[in-house]
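These notes concern the structure reproduced below.
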Amino acid sequence: MAGVALPNFCNLGIMLRILFVVDGMSVVAAMLKAPSYDGMWRELMDLSVLVQPVLLLSLLCLCLGRGVLSRLPYRVGVAAVLLLEVALSTLVHLFSQRLFDADLGALERHWLFAILVSGVLLGYFHLRSRAFSPAISEARLQALQARIRPHFLFNSINAVLSLIRSDPKQAERALEDMADLFRVLMADNRQLAPLEKEVALCRQYLELEHLRLGERLKVVWHVEKMPGDALIPPLLLQPLLENAVYHGIEPCTEPGEIVINIYRARDQVHLVLVNPYQRDGGHHSGNKMALANIRERLELHFDAEATLMTKVNDSSYQVHIVVPYVSEKNV
């Protein structure tokens with residue numbers, strides 16, 4: 001199935017969802033089997049003797065095997081997960097029966113429960129992935145990629161034309177930057193990409209904006225502690241920089257400064273962008289579309305492990321993104 005993959009089983013949000021669903025289905029199963037309210041707790045305890053060890057072992061095995069599962073075709077990966085659950089259910093059933101010397105019921109029932117729960121979870125993650133990714137939100141992603149406003153294109157072309165005679169080399173570099181920028185914008189940007197490529201793209205974008213804005217646009221980069229190999233959703237920073245230019249620099253008559261600070265702290269990557277802000281500016285209405293789109297993509301790729309926060313004061317607007325540090329080495 002193109003565009004659909006198994007979830008990242010090492011992700012904290014994914015683990016919490018699995019725990020919630022499995023425990024919820026265990027309670028339902030105990031309620032259906034028990035003849036009374038008091039008997040329900042006994043049934044739940046008996047079921048937990050098998051379910052909880054299988055659950056914990058499953059989370060451990062799925063996280064450790066994440067690299068292998070991510071390389072398998074989706075259907076093969078699903079089959080591998082189901083086989084793993086059946087195998088773990090068998091091992092825990094046999095071990096518990098020998099350890100407690102008790103009748104734990106037919107093994108086939110435990111297989112059925114494991115397959116049913118696994119199927120529900122895989123179906124839920126499949127539907128959730130499709131809700132955020134290409135099938136439903138591809139139009140939103142394409143809209144984000146096309147957010148380079150027409151006036152930016154026309155103004156950049158005019159700036160290049162003005163340089164052709166006076167500085168042909170700079171005009172050539174500007175055209176190359178435009179070609180690189182639109183090549184990325186038109187690509188299929190569904191997979192994570194290295195942070196260093198995103199920063200390089202942003203530098204090219206800001207160089208083009210500097211052609212038309214001149215000294216009105218000042219940019220300060222703090223990337224000394226940036227992990228260049230960190231994987232992030234592509235086009236994460238560029239739309240924010242476009243917002244910073246459009247909402248923060250263009251309305252000002254005085255020169256404005258955009259500050260980009262990217263660094264790693266433990267197992268997290270922080271991306272902080274600060275630009276000038278005017279409360280009475282006329283460009284603020286378009287900010288929320290890009291932020292909402294970026295939030296959706298962060299949730300798709302990193303679930304609860306990523307955050308996007310904004311902070312506004314009288315003279316500045318700040319966007320602070322935190323994502324887990326993921327690289328090609330630990331995918």
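Readers should treat all values here as calculations from the given coordinates under stated rules, not as data from a laboratory. Keep in mind that this is a model prediction, so the values were computed, not measured. Glycine gets a Cβ as well: all are built from the backbone with ideal geometry, and neighbour counts include every protein chain shown.
Computed quantities for the displayed model
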| read-out | value |
| --- | --- |
| Whole-angstrom gap from region 220-281 to region 30-95, using each part's C-alpha centre | 44 Å |
| Likely footprinting exposure, TRP111, TRP41, fewest C-beta neighbours within 10 Å first | TRP41, TRP111 |
| Least to most buried among ARG165, ARG173 (fewest other Cβ within 10 Å first) | ARG165, ARG173 |
| Dipole magnitude of region 12-132 about its Cα centre (Cβ charges: Lys, Arg +1; Asp, Glu -1), debye to nearest 20 | 680 debye |
| Least to most buried among ASP303, ASP314 (fewest other Cβ within 10 Å first) | ASP314, ASP303 |
